[in-house]
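Single-structure report; data block below.
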Amino acid sequence: MNFTRDNLDKVLAGTKSRTTRLARDSACRYVVGRTYAVCPGRGKRAEGRIRITAVRRVEWFGEDIDDRITVDEKADHARREGFETWEGFVRAFVEINGQYVGGEWVWYSPLWVIDFELVKEGDDDR
């Protein structure tokens with residue numbers, strides 16, 4: 001699984017245990033119970049492994065966001081993503097995924113929310 005350098009550092013430090021990805025397909029490629037290498041980008045050497053503990057599909061669209069996620073859920077989600085605030089998480093998500101329109105963030109597609117645990121730190125050739 002590829003992460004930006006900042007997010008990979010959070011995974012390896014144990015402060016990030018969730019990732020939110022655009023759902024481009026009807027089935028998530030990550031399977032609960034399986035382990036995956038974590039890398040700082042496509043084609044880069046693995047720096048650790050994670051085990052997927054949960055996968056769920058959500059539809060959090062911009063104008064409906066407050067009707068779909070409570071303040072407590074936002075805080076928990078941000079913390080699991082490795083951020084202190086929901087706004088910090090959203091800024092990083094928008095930076096990575098480019099979902100920013102007219103001065104407002106917008107998610108156009110459903111999302112995969114993937115929870116995981118760190119299995120092994122360091123180099124891993126699997």
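The values are calculated or read from the model by the stated rules, or taken from the named source; none is laboratory data. Note that the structure is predicted; figures quoted are calculated from it, not measured. In case anyone asks, the SASA skips ligands and DNA or RNA and just uses the protein heavy atoms, side chains included. Shrake-Rupley method; radii C 1.70, N 1.55, O 1.52, S 1.80 Å.
Structure data summary
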{"item": "Viscosity 1.306 mPa s, temperature 10 °C, Stokes-Einstein D of the stretch 1-55 from Kirkwood C-alpha radius, µm²/s", "result": "134"}
{"item": "Kirkwood hydrodynamic radius of the stretch 18-91, from inverse mean 1/r over distinct Cα pairs, in Å", "result": "14.3"}
{"item": "1.4 Å probe accessible area per residue over the stretch 1-76, in Å²", "result": "59"}
